[in-house]
Amino acid sequence: MQDTRKLYVKSFGCQMNVYDAQRMADTLAKEGYVETQDPADADLVILNTCHIREKAAEKVYSELGRLRKAKQETGSDTMIAVAGCVAQAEGAEIMKRAPVVDLVVGPQSYHRLPEMLARARDGKRVVDTEFPTEDKFDHLPAPSLAATKKRGPTAFVTVQEGCDKFCTFCVVPYTRGAEVSRPVAKIVGEARALVAQGVREITLIGQNVNAFHGEGPDGRTWGLGRLLEELAGIDRLERLRYTTSHPRDMDDGLIAAHRDLPQLMPYLHLPVQSGSDRVLAAMNRKHGRDLYFGIIDKLRAVRPDIALSSDFIVGFPGETDAEFEETLDLAERVGFASAYSFKYSSRPGTPAAEHDHQVPEDVKSERLARLHKVLEASKTAFDRSLKGRRFDILLEKPGRLPGQLIGRSPYLQSVVVTAPHLHIGDFVTVDITDVGPNSLAGRIVEDVEDQGRMSDRPLAAMEA
Ligand code: SF4
């Protein structure tokens, strides 16, 4: 019998990393590792890094410094691994600068972790940032029933990785490589297995998810709309989402899926980054503002209750005041339910980093504050518009007070209900009675057929 070892994974960044962290944990579960929430208790610590935000690598080095100090103080022999996009981009450098690191693994090589760990235990320091020819998904084990139950009734499924768009501010095409889509049969198989374990909502993920072009069972290339249609046919899979999308890849098949599939939630994250055609061209976004407005018009025509969220970058090199005003105008015209906005920060190795006309920090800060104000106002207006609305929520976790549960609205907001008789994984119809800054309050109208239960055990057992 294998010894039990403890694993602590700290994940930074996007949903892809959350999913990858789970798949690494599933892989290492086969090697006897169980997850712990305490790094001091771990035999193996994995930092699953993100390269999108500024000074990402420096943050990894300070985290590694803390781990080194803790190891010295306690005399522990905890192994340290660095995974994710910083590992991919700076593997050799990490090994040079941080002797505490035992292994560096890029996102395409997670299935090789057991073998890498075996070598590291023999005292070798291991780096694997290759793009291997074998498909890692064929080698990553499925989660156990216990792991899926612990993660709750929602799950991510990767459908594609990499990006061919080469936006001039972005490192993803360099860290995650070219676009690769998984075959439809494998995605459907993974979704069916998750649903059989009690999952009721699946979010399809990919760096550029709607560029999906996987091989269908008929031997043809399927787009994301066709894939969603297939998944919508899985019994007991009640909700579908997908993220993150590029406006250029919102084809008619995908828009039709929003019209035809009740399982596809009426909420779409569609990054636009800027409202200025000149800036969009400089970003190499391959679309202008008219194309963006056109997509939103089409989506709203087929699905009037759809809500949008987006990403914005302010202060892109060369952005003028007038161009920034166009971004404000776009944000006001669309009326986003939610949005993320950031000051431009240069990523070494990307074309925009070399640009001569960097916008001064104080100008970026001032523009960001103005954009925040507009986005915050439209988020508040959207949230308030939900008061009195009735919809189904999927109960995902316990609330703070006894008998409380927290579910998700179709628009991903947390909805707090008092429902001591219900279970995580149940759907329930609620009327929205109150709107707070971070959550909504709901009153139960009726329990939707009890089809979502992940377990017949009471809640307390679910949490253990
Ligand atoms: S489409 Fe998204 S992931 Fe691809 S390069 Fe542009 S910002 Fe990066």
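For Gly425, the residues whose amide H sits under 5 Å from its own are Leu395, Glu396, ignoring neighbours fewer than 5 places away on the same chain, with H placed 1.01 Å from N.
The Cα center of the stretch 94-136 and the Cα center of the stretch 272-305 differ in position by 40 Å.
Quick check: from the Cα gyration tensor, does the stretch 296-393 come out rounded (a/c under 1.5), prolate or oblate? Prolate, because a/c is 1.5 or more and a/b exceeds b/c.
Ignoring aspartates and glutamates fewer than eight residues from Lys298 along the same chain, the ones with Cα atoms less than 15 angstrom from its Cα are Asp249, Asp251, Asp252, Asp260, Asp290. Shape class for the stretch 137-385, computed from the alpha carbon gyration tensor (a ≥ b ≥ c): prolate, with a/c not under 1.5 and a/b above b/c. Ordering Tyr61, Tyr411, Tyr33 by the number of other Cβ atoms within 10 Å of each residue's own Cβ, fewest first, gives Tyr61, Tyr411, Tyr33. Amide H contacts of Tyr242 (H built 1.01 Å from N, in plane; Pro and chain starts excluded): Leu204 sit under 5 Å, all sequence-distant by 5 or more or on other chains.
Backbone phi angles across the stretch 202-214, fed through the Karplus curve with coefficients 6.51, -1.76 and 1.60 (θ = phi - 60°), yield HN-Hα couplings of 10, 9, 7, 10, x, 4, 9, 4, 7, 8, 3, 8, x Hz in residue order; Gly and Pro are listed as x. Under the shape rule built on the C-alpha gyration tensor, where the axes satisfy a ≥ b ≥ c, the stretch 5-128 is rounded, since a/c falls short of 1.5.
Measuring between alpha carbons in the structure, the pairs from Lys10/Lys149; Lys149/Lys379; Lys6/Lys397; Lys30/Lys149; Lys96/Lys124; Lys71/Lys397 lying more than 23 angstrom apart are Lys149/Lys379; Lys6/Lys397; Lys71/Lys397. What is the mean projected area of the alpha carbon convex hull for the chain, to one decimal in square nanometres? Over all viewing directions, the chain projects a mean Cα-hull area of 23.2 nm².
Put a dot 7 Å past the Cα of Ala185, heading toward its Cβ, do the same for Ala57, and the two dots end up 4.3 nm apart. Listed by Cβ neighbour count within 10 Å, with the fewest neighbours leading, Thr129, Thr175 appear as Thr129, Thr175. Under 22 Å between alpha carbons, and skipping anything fewer than 8 positions from Lys165 in its own chain: which lysines qualify? Leaving aside lysines fewer than 8 places away in the same chain, those within reach of Lys165 are Lys286, Lys343. Calculated FRET efficiency, Arg119 to Ala196, Cβ-Cβ distance, R0 = 41 Å: about 0.70 to the nearest 0.05.
Net charge in the neighbourhood of Thr418 (other residues with Cβ under 12 Å of its Cβ; Lys, Arg +1, Asp, Glu -1) is +2. In the stretch 137-385, taking the dipole from charged Cβ atoms about the Cα centre, the farthest positive-side position among Thr175, Gly275, Leu228 is held by Leu228.
Throughout, read-outs are computed from the coordinates displayed, never taken from laboratory work. Remember, it's a predicted structure, so these values are computed and weren't measured experimentally. Positions of Cβ are backbone-derived with ideal geometry, glycine not excepted, and every protein chain shown enters the neighbour counts.
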